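If you scroll down you'll find the structure; I have some questions about it.
The values are calculated or read from the model by the stated rules, or taken from the named source; none is laboratory data. Computed from a predicted model, the values in this text were never measured in an experiment. We place every Cβ from the backbone using ideal geometry, glycine too, and count neighbours over all the protein chains shown. Just so you know, the surface numbers come from the protein's heavy atoms only, side chains and all, with ligands and any DNA or RNA stripped out. Shrake-Rupley method; radii C 1.70, N 1.55, O 1.52, S 1.80 Å.
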Amino acid sequence: MARKTKADAQITRDQLLDAAEFLFQERGVSRTSLQQIADQAGLTRGAIYWHFKDKGELFCAMVDRVHLPFEEIIEQLQQDASHSPLTRLRQIMLRGLSHIQSDAHTRRVFEIVTQKVELVDEIRTVIDRFQECRHEFLTLIEDEIKAAQQNGDLRSDMPARMAAITLHSLIDGMIYNWLLDPTDHDLFETGNHAYEIFEAGLRAQRPG
């Protein structure tokens, strides 16, 4: 038998991730077995274990596959010193929402993450990955808000961490509701208006 090339191995890996995406969305994470994923991909269970230690590691690889474009967007914007912190934060959010709305893989993964993950011990790795991603994004938002406060763009009496949690919750809620019915409204436009309201609230004077 011919030895598999790196390209062949990547194709097999992507087939497994595509199959997992489909089944996780259809059945939920805890109700999907590795054998079902292998069958869906037209591969053996051994192929899964060649690439992934267990279902938790496979799930995290599926999330990372769509998470990478967001990391690249954030890195590009953070390196652009021509924009203010608030502008960077707005663009990060809007580009992310646009990517979710336009990319089928990303949309499916976000649906799985928000609606199809059951918090059980079997997928402890998945839960840990959620917490890690949430912490990273909250820290990013908090840093941009602190920078805006230091520039005098925002009132300084608003705790940056609280503002970050507020915006993170706003984004989470918009994505969750849009996924329930993507035909109801445009996610990008809704996000744009929501950010305007959020920023106006951070600029407003604190009630006396």
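If only one of ARG45, ARG65, ARG13, ARG27 is closer than 21 Å to ILE127 by Cβ, open to solvent by 10 Å² or more (accessible area, probe 1.4 Å) and over 17 Å from the mean Cα position of the chain (by Cα), which one is it?
The match here is ARG27.
Continuing with this model, one more query. Got at least one residue in the range 95-112 being open to solvent by less than 40 Å² (accessible area, probe 1.4 Å), at pLDDT below 90 and among the acidic types (Asp, Glu)?
Yes, the range 95-112 has at least one match.
What number of residues within the range 30-42 are open to solvent by 50 Å² or more (accessible area, probe 1.4 Å) and either in contact with a helix residue (DSSP H, G or I) (Cβ under 7 Å, 6 or more places away or on another chain) or closer than 18 Å to ARG107 by Cα (or both)?
3
Across the range 79-94, what is the total count of residues that are part of a helix (DSSP H, G or I), free of Cβ contacts under 8 Å to residues at least 40 places away in the same chain and out of contact with any Leu (no Cβ under 8 Å at 6 or more places or on another chain)?
Residues in the range 79-94 being part of a helix (DSSP H, G or I), free of Cβ contacts under 8 Å to residues at least 40 places away in the same chain and out of contact with any Leu (no Cβ under 8 Å at 6 or more places or on another chain): 1 in total.
State yes or no: is ARG124 open to solvent by 20 Å² or more (accessible area, probe 1.4 Å), of a type in the set (D, E, K, R) and under 26 Å from ASP18 (Cβ atoms)? Walk me through it before giving the result.
Values: open to solvent by 20 Å² or more (accessible area, probe 1.4 Å): yes; of a type in the set (D, E, K, R): yes; under 26 Å from ASP18 (Cβ atoms): yes.
Yes: the conditions hold for ARG124.
Here's a follow-up. Given the range 33-78, what helices (runs of 4 or more DSSP H) lie entirely inside it while holding 1 or more residues that are over 10 Å from LEU17 (Cα atoms) and acidic (Asp, Glu)?
34-41, 55-78
Moving on to the next point. Can you list the helices (runs of 4 or more DSSP H) lying wholly within the range 105-208 that have 1 or more residues being among the small types (Gly, Ala, Ser) and in contact (Cβ under 8 Å) with a residue 60 or more places away in the chain?
By residue number, 124-150, 187-203.
Could you tell me which residue of the range 138-158 is nearest to MET93 (Cα to Cα), considering only residues that are open to solvent by less than 40 Å² (accessible area, probe 1.4 Å) and β-branched (Val, Ile, Thr)?
Step by step, filter the range 138-158, then rank; the result is ILE141.
GLY201: modelled with pLDDT under 85 and more than 15 Å from the chain's Cα centre (by Cα), yes or no?
On the way: modelled with pLDDT under 85: no; more than 15 Å from the chain's Cα centre (by Cα): yes.
Criteria not met by GLY201.
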